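Here's the structure we're looking at; comments come further down.
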Amino acid sequence: IASQGLAIKTFLVKAGDKLEIWKAVYGFEKEFYSNCFIVFAHLDFEFSEKLFSGLYNNGVRGIWYSFHHKIDSIDLEETLRKTIKMYDHVLVIVSSNSIKRPWVKKELQFAGDYSASDFLNPFIIIEIDEITENNMDETWKKFISSEYPSINFIQWKNQVAFDDSLKLLVQKLKI
């Protein structure tokens with residue numbers, strides 16, 4: 001069965017495979033994680049780099065993160081639309097910086113273009129600072145008030161707090 005460009009977790013579920021059988025056939029004995037696309041404002045580089053490193057160091061390998069993946073394309077928007085569709089989860093870093101950036105909002109909309117049937121659980125909200133609804137436009141208000149899982153990384157500069165939040169995120173990405 002061809003994956004047809006679906007994210008790995010989505011493909012396995014749609015193909016009807018039992019994950020335990022798939023792991024046994026391919027020899028995976030350790031934990032296996034969903035892949036993820038990180039949406040963030042470049043002004044949040046320090047946090048996003050720490051998040052990427054933390055995920056990678058905890059065994060999450062399929063991570064799209066713009067500081068490590070460059071897209072050379074004439075049609076950047078279409079390329080990003082196709083790229084986002086290949087990931088099981090979209091981690092949206094919500095900050096006072098990201099809610100003001102048109103490109104972050106655009107990536108959020110690209111991911112939202114796919115129906116729930118294309119993703120198992122598309123969004124995970126990563127909150128890294130206190131923001132109020134007064135600072136958000138309607139798109140962000142609707143997104144934040146959704147039922148998507150949210151993980152509080154507001155105390156991310158404290159290593160113990162960061163590690164605790166990261167542990168929760170890694171659990172959510174576990175297949």
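The values are calculated or read from the model by the stated rules, or taken from the named source; none is laboratory data. Bear in mind the structure is a predicted one, so any value in this text is a computation, not a measurement. Cβ coordinates were reconstructed from backbone atoms using ideal geometry, including for glycine residues, and neighbour counts include every protein chain displayed. Note: areas computed on protein heavy atoms with side chains; ligands, DNA, RNA excluded. Shrake-Rupley method; radii C 1.70, N 1.55, O 1.52, S 1.80 Å.
Out of (1) modelled with pLDDT under 85; (2) in contact with a helix residue (DSSP H, G or I) (Cβ under 9 Å, 6 or more places away or on another chain); (3) under 19 Å from residue 109 (Cβ atoms), what's the single condition that is false for residue 78?
(2)
Among the residues of the range 34-57, is any open to solvent by 50 Å² or more (accessible area, probe 1.4 Å), under 25 Å from residue 113 (Cβ atoms), modelled with pLDDT under 90 and not charged (D, E, K, R)?
No.
Could you tell me which residue of the range 103-129 is nearest to residue 172 (Cα to Cα), considering only residues that are modelled with pLDDT of 90 or more and open to solvent by 20 Å² or more (accessible area, probe 1.4 Å)?
Checked the range 103-129; the qualifying residue nearest to residue 172 (Cα to Cα) is 127.
Based on this model, can you work out whether residue 131 counts as under 23 Å from residue 42 (Cα atoms) and not polar (S, T, N, Q)?
It is true that residue 131 is under 23 Å from residue 42 (Cα atoms) and not polar (S, T, N, Q).
Is the range 156-175 home to any residue that is touching a residue at least 60 places away in the same chain (Cβ under 8 Å) and part of a strand (DSSP E or B)?
Checking the range 156-175: at least one residue is touching a residue at least 60 places away in the same chain (Cβ under 8 Å) and part of a strand (DSSP E or B).
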